[in-house]
Structures are given as C-alpha cells and as structure tokens.
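What follows is one structure encoded as structure tokens, with my remarks underneath.
The values are calculated or read from the model by the stated rules, or taken from the named source; none is laboratory data. Keep in mind that this is a model prediction, so the values were computed, not measured. Neighbour counts run over all protein chains shown; Cβ positions are idealised from the backbone, glycine included. Ligands, DNA and RNA are stripped out before the accessible areas are found, and what is left, the full protein with its side chains, is counted by its heavy atoms. Shrake-Rupley method; radii C 1.70, N 1.55, O 1.52, S 1.80 Å.
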Amino acid sequence: MGLVAEPSDDLLLVPRPRGARGRSPAVVDLDLDPAQRAAVTLPRERALLVLGEAGHGKTTVAVHRVAHLFRLPEAPGRAAVVVPAEGLARLLQSLLRRLGADVEVRTYDLWASAQARRAFRDVPRRECELTPPSVARVKRDPALRAVLVEIARREPGTIDDDRDAPRVRTRALVRRADLQHLFGDRVLLERARAGSTSLTQRMIDDTLEHNRVQFSLTGEQEWAHVDDPARLRAVDGLRLDEATATADAGTIDVEDYAVLFEIERLRAERRGRLPRAPLPFDLLMLDEAQELAPLELALLGRSLAPGGSLVVAGDADQQTDTTSTFGGWDAAMRELGCAAWDTALLDVGYRCPPELARLAHRILGTPMRAAATSAAPEGAPPARLGFDDEPALAARLLREIRFIQWRDPRASIAVLCRAPLTARRIAIELRREIPARVVFDGHFLPRGPVQVTTVEETKGLEFDFVVVPDATARDYPDTPAARRALYVAVTRARHQVLLAHVGERSPLLASMR
C-alpha cells in the first residue's frame with residue numbers, strides 16, 4: 001500500500017529538518033558532560049544515585065557507569081541490570097553490549113521469579129498472567145509489613161487459630177501456604193488497610209477472592225481420577241480452566257516473591273538463623289527505580305554482595321505504576337540497604353525541544369529548575385486537536401501520519417495511550433490505511449510502522465513523533481498520577497507531540513490553545 005501525500009495548510013505535524021532526518025544517535029554515542037563524567041568515574045565502592053528530568057541523560061550516566069566498572073582491573077564477577085519494562089530492558093541490553101559490558105538486563109518480574117524459584121521449592125510453575133491492579137496494590141503496599149510480622153510468628157504452613165490442625169514439621173522457613181494464610185485472612189488484611197493511606201475495602205475484597213481462586217484446585221487436579229487424558233482436554237485444546245473464572249487456580253503473583261523473601265527473613269531473625277539469601281551480585285543497576293515497591297527494593301538490596309557496586313537511576317515525576325507507592329529517594333536508598341551514597345543531579349536536557357519541555361512542566365504543575373538548561377535540537381511546537389467522535393479523530397490522525405511518513409520516512413512515530421484497550425482500538429483504525437503495530441512486549445522498532453502502545457511500555461524510550469489520542473478529561477483528570485502519566489507521554493518525543501481528544505480535553509492541557 002503506497003503512501004499518498006496530502007499537503008494541507010491544516011496539518012499540524014511538521015517533518016524534521018532535512019539535516020536531522022538520519023537515525024538519532026544512541027545515548028552511548030553522546031559525549032558526557034563534566035557532571036556526567038564525574039558520576040561515571042566515582043570509586044567502585046561508592047553507591048550512585050542518578051536523578052534528572054525526562055531526557056536529561058540518567059540512562060546515559062547509568063550505563064556508562066556500568067561500562068566503566070567493567071573496564072576496571074577488579075571488574076565485577078556477577079552483574080545484573082533490573083528495569084520495570086521489557087522495552088527498556090531490550091534497549092539497555094543493546095547499549096551495554098556496545099559498551100563492552102557483559103551484563104544481562106532483566107525486568108524486575110523475570111529477575112524476582114528467578115530468585116524465588118532458586119530459593120523456594122514449592123513456588124508454582126505458573127504465574128498469574130494478569131493480576132488485578134487492586135490486588136497488586138495490596139501486595140505492594142508498605143503497610144503490609146506490619147502484618148508480615150504476625151505471619152512470621154506462625155509456623156510455616158500452619159494457622160495458629162486452628163488449634164485442631166496438625167502442626168506441619170518442615171525445615172523450610174517459608175512455604176507457599178503462607179501466602180494463603182496472609183492474603184486469605186480478612187482480619188490481617190483489614191489491619192493492613194488501617195495502617196495504609198490508600199488501601200480501600202474493595203481492594204481487600206478483591207485480594208481475598210483472588211487468593212481463594214489461586215489456592216483452589218485446577219480443573220486437571222479436580223478431575224485427576226479420570227483415566228482417559230483425552231477427556232481432560234477442552235475442545236479448543238486449552239486448559240480446562242482457561243478463560244474461566246478459575247483461570248488463575250494454582251498460580252502465583254509476581255508481587256508474592258518479595259513477600260515470601262520478607263516472611264522468610266523475619267522468621268529467620270526470630271529463630272536466630274541466617275535467612276535464605278537471594279543470588280548475590282557484585283554489581284547491581286536499577287533504572288526507573290521509582291516504580292519499585294519497598295519490599296521489592298529490599299529484596300534487590302539483599303542481593304547485592306558485600307562491597308558490591310550499586311547504580312540507581314530514576315525520576316519521581318515519572319512514577320506511573322498505580323499499584324505502587326514511592327516514598328522518596330532517601331527512603332528508596334535505605335530500602336536498598338545503603339547507609340551513604342553519592343547523588344548526581346543532572347541539569348542538561350538532551351531529548352525534548354525547549355517548548356516541549358515547558359509544556360511538560362506545565363502538565364506537572366511544577367516550575368522548571370533554575371539550573372536546568374537544554375542541549376536538545378529545536379523541534380516543532382506541540383499541537384492539540386479536539387473531535388466530536390473517534391472516527392473523525394482516526395481519520396485526521398491518518399492524514400497527519402501519512403504526510404509525515406511521506407515527507408520524513410525515517411522518522412519513528414509512536415501512538416501512546418493510557419489504556420491497552422484504547423491502543424488496540426486505535427491500531428485497528430490506523431491499519432485500515434497505514435502499517436501499524438500494537439506493542440505490549442517491548443519489541444519496539446527504531447523506525448518503520450507506526451507503533452501503538454501504552455505510556456507505561458515506553459519508560460526510558462524516545463521517538464521522533466509522539467501522538468497521544470486520548471488526552472481527555474476522563475483519561476487524564478487533574479490528579480497527581482494522571483499528571484505524571486501525561487508528562488511521561490509527551491517527554492518521549494524528540495521532535496514533536498500531538499495531543500488529541502474526543503469530547504472534553506484534559507484539564508492538564510488548559511494552557512494549550
């Protein structure tokens with residue numbers, strides 16, 4: 001399908017200048033400024049916290065720091081880089097290889113799963129594919145710590161209140177059954193809710209129901225007495241529970257791993273024993289660390305070998321995971337086990353054009369730092385469009401994108417939505433006339449088809465053009481979480497951002513015409 005140029009006075013997306021239409025340089029190709037170089041070359045034993053706004057080079061400093069440590073005579077033996085999203089993991093893996101650092105980059109979910117399966121024998125093979133956000137919020141809340149102390153007082157796999165139940169003798173200090181006794185106990189969860197500033201009754205109810213399903217028998221277990229295996233297979237070839245209300249039976253949540261490690265640590269402490277240590281690393285780097293919950297940070301900190309090197313990068317204004325809370329960088333570093341650390345606060349922006357940076361700060365509702373400067377090339381002004389219905393929006397987006405693909409074919413274009421369902425719906429409309437792909441697995445391309453995804457999937461990434469098709473009052477209300485999400489969306493753009501909405505626009509865009 002060939003692209004047809006539609007030059008028109010009402011088109012808002014502006015092609016990049018001809019001299020800027022090549023492939024954008026990777027972050028490792030940029031020269032380090034003096035502040036970045038000083039952070040990279042700190043002594044090996046010094047923990048480093050890299051802070052800065054979107055596009056200010058946090059990832060640049062972090063990966064160069066890792067590469068610098070690998071070039072030292074006493075290079076780290078075992079190293080890990082942990083990030084929240086698969087797209088960022090793929091980007092950092094390629095950057096570190098180019099710099100000669102032999103490090104495996106993993107999402108936190110994969111890293112924690114490997115640690116738990118190494119430490120605990122009865123961890124289920126299957127993970128819940130889509131843990132309800134309300135349940136994840138409970139399992140990641142800092143207030144959960146208070147009730148973990150109560151669980152740690154009990155014997156592994158037993159319930160103290162059930163005096164008739166046989167005591168389970170085991171050398172293991174934690175069992176999967178501890179999760180059932182914790183997240184299936186309304187009294188304990190209500191106690192956690194009382195100590196939390198954000199947990200609700202609905203979250204507690206959802207957690208109890210989710211726990212009940214997870215610890216119920218799977219269809220295969222319930223019908224294990226049937227001798228003919230063919231009778232235990234659904235006509236569509238899926239598991240008996242697949243796509244049913246009991247689909248999560250026999251599964252474990254990623255959020256459970258840090259909880260298990262903390263219960264085991266508390267029990268070991270009560271008994272005067274050494275806790276089961278996670279696999280140790282001589283070098284640990286965390287990027288976008290503001291997305292990690294306190295128990296997850298504590299688990300990561302326990303995996304750093306004595307005398308190991310720690311590199312942490314992040315930006316509190318880019319915290320978008322609604323299932324977690326962020327208590328500040330001092331608290332985060334203490335959770336990681338750091339008593340002292342060096343902080344590199346980066347002031348120079350390299351990605352977003354100045355006008356886009358100003359819009360981003362208006363969305364956040366915060367002034368730009370007085371020391372902040374910009375080394376980013378000039379881009380096109382951010383644009384806004386409003387529509388009465390979604391077909392009209394899709395038709396206009398098609399015109400805008402087709403024009404850019406005709407005039408600037410090497411440009412990368414991303415359509416960033418707040419919700420996955422919106423992304424799928426928009427992609428269907430775009431595919432009617434142009435190549436477009438939905439990306440939820442981190443497989444982003446440097447250029448080519450339009451890539452449609454959610455804001456959270458693009459943490460740490462950048463594109464020449466960004467389109468936000470759902471900049472509505474419903475998707476982006478005037479709340480701190482929505483401000484941070486829209487801030488992340490617009491700061492993914494290197495050249496220009498287009499914000500579109502059907503119906504009432506977001507109040508966060510009140511400053512735009």
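Side notes on the structure shown:
- Positive-end residue of 77, 56, 36, charge dipole of region 32-135 with Cβ unit charges: 77
- Residue 331 versus residue 97: modelled label distance in nm, points set 7 Å from Cα along the beta carbon direction: 3.9 nm
- Across region 326-345, the residues whose backbone nitrogen lies under 14 Å from the label position 7 Å along the beta-carbon direction of residue 369 are 329, 343-345.
- Estimated from the Cβ-Cβ distance and a Förster radius of 22 angstrom, the FRET efficiency linking residue 474 and residue 205 is about 0.30.
- Here the calculated FRET efficiency for residue 316 and residue 212, from their Cβ-Cβ distance with R0 = 25 Å, stands at 0.10, rounded to the nearest 0.05.
- Equivalent ellipsoid semi-axes - Cα gyration tensor, region 448-513, angstrom: 20, 13, 11
- DSSP beta bridges fully contained in region 376-513 are about 5 percent antiparallel.
- Kirkwood's formula applied to the C-alpha pairs of region 331-489 gives a hydrodynamic radius of 17.5 angstrom.
- Note on residue 32/residue 109: beta-carbon distance plugged into 1/(1 + (r/R0)^6) with R0 of 25 Å gives a FRET efficiency of 0.20.
- Portion, in percent, of the accessible area of the chain that falls on carbon or sulfur, probe 1.4 Å: 51 percent
- Anisotropy class of region 17-119 from Cα gyration tensor, a/c 1.5 cut: oblate
- Anisotropy class of region 265-306 from Cα gyration tensor, a/c 1.5 cut: oblate
- Accessible area (Å², per residue) of the chain, counting only protein heavy atoms and a probe of 1.4 Å: 46 Å²
- Structure-derived Rg and Dmax of the Cα atoms in Å - corresponding label in (1) 23.2, 68; (2) 28.4, 101; (3) 24.8, 80: (3)
- Calculated [θ] (222 nm, deg cm²/dmol) that DSSP helices of n ≥ 4 give over the chain, each run adding -39,500 (n - 2.57): -10500 deg cm²/dmol
- Qualifying trypsin sites (Lys or Arg not before Pro) in region 319-407, DSSP loop, other Cβ atoms within 10 Å at most 13: 369
- With the convex hull drawn over the C-alpha atoms of region 241-348, the volume per residue is 163 Å³.
- Normalised per residue, the volume of the convex hull around the Cα set of region 333-413 (Å³): 198 Å³
- A simple rule links phi to the HN-Hα coupling: the Karplus curve 6.51 cos²θ - 1.76 cosθ + 1.60 with θ = phi - 60°, which for region 453-458 gives 7, 9, 4, 4, 6, 9 Hz, with x for Gly and Pro.
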